[in-house]
Amino acid sequence: MARTIQVTIDADDPETLSRFWAQALGYRIPPLPGHELAEGEDPLEAWHAFLAARGVPQARWGDASAVEDPDGVGPRVFFQRVPEAKTVKNRVHLDVRAAPGLEGQERMAALEAECERLVALGATRVRREEPAPPMSAGFVVMQDPEGNEFCLD
């Protein structure tokens, strides 16, 4: 039987990364269990109120955050605060499928459009790799707001 996975990412600021990745993946920041969010209610603010009511020091409120696929298909991504800074290239990275079914210049144009959107959300463009059939359809290498590498593919 296949297993489901959760992707865990070490972070300096889990909440900033969860906001970025929710937008990048079309995911959502999950609400409190059993809590229905009101229209326009920020799920992280709801979590903060919950933690404050339970006496958790404000300095600890951002220690962890997560994003989930609203359709329940993709893996949950969990962000946890760690004391050490990121010092080298990450060993695991996400490939974001931003141009499914497209090929050639149409594919690369779709990747470029998504790249521009993510840069506006705080990502950094690293480089573009042109299509090299049959081994590569082309991709764009990027970094999230904390410098974790990922690809638009």
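The values are calculated or read from the model by the stated rules, or taken from the named source; none is laboratory data. Because the structure is predicted, anything quoted here is derived from the model rather than measured. Neighbour counts are summed over all protein chains in view; Cβ atoms, including those assigned to glycine, are modelled from backbone coordinates with ideal geometry. These area figures cover heavy atoms from the full protein model, side chains too; ligands, DNA and RNA do not enter into them. Shrake-Rupley method; radii C 1.70, N 1.55, O 1.52, S 1.80 Å.
The table that follows gives values for the structure above.
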quantity	calculated
Which listed residue, of GLY72, GLY147, GLY40, is assigned to a loop (DSSP other than H, G, I, E, B), closer than 28 Å to THR4 by Cα and open to solvent by 50 Å² or more (accessible area, probe 1.4 Å)	GLY72
Flag if ARG128 is over 30 Å from ALA59 (Cα atoms), of a type in the set (Lys, Arg), outside any helix (DSSP H, G or I) and more than 19 Å from the chain's Cα centre (by Cα)	yes
GLU15 being part of a helix (DSSP H, G or I) and either in contact (Cβ under 8 Å) with a residue 40 or more places away in the chain or of a type in the set (Gly, Ala, Ser) (or both)	yes
Members of the stretch 96-125 found to be open to solvent by 40 Å² or more (accessible area, probe 1.4 Å), in a loop (DSSP other than H, G, I, E, B) and either farther than 25 Å from GLY147 by Cα or out of contact with any helix residue (DSSP H, G or I) (no Cβ under 6 Å at 6 or more places or on another chain) (or both), listed by number	ARG97, PRO100, GLY101, LEU102, GLU103
Residue selected from the stretch 44-69 under the condition within 27 Å of ARG3 (Cβ to Cβ) and not small (Gly, Ala, Ser), by the criterion least open to solvent (accessible area, probe 1.4 Å)	VAL67
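Here is a yes/no grid of residues against (1) farther than 16 Å from GLN23 by Cβ; (2) free of Cβ contacts under 8 Å to residues at least 24 places away in the same chain; (3) within 20 Å of the chain's Cα centre (by Cα):
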| residue | (1), (2), (3) |
| --- | --- |
| ALA64 | yes, no, yes |
| ASP95 | yes, no, yes |
| ARG107 | yes, no, no |
| GLU146 | no, no, yes |
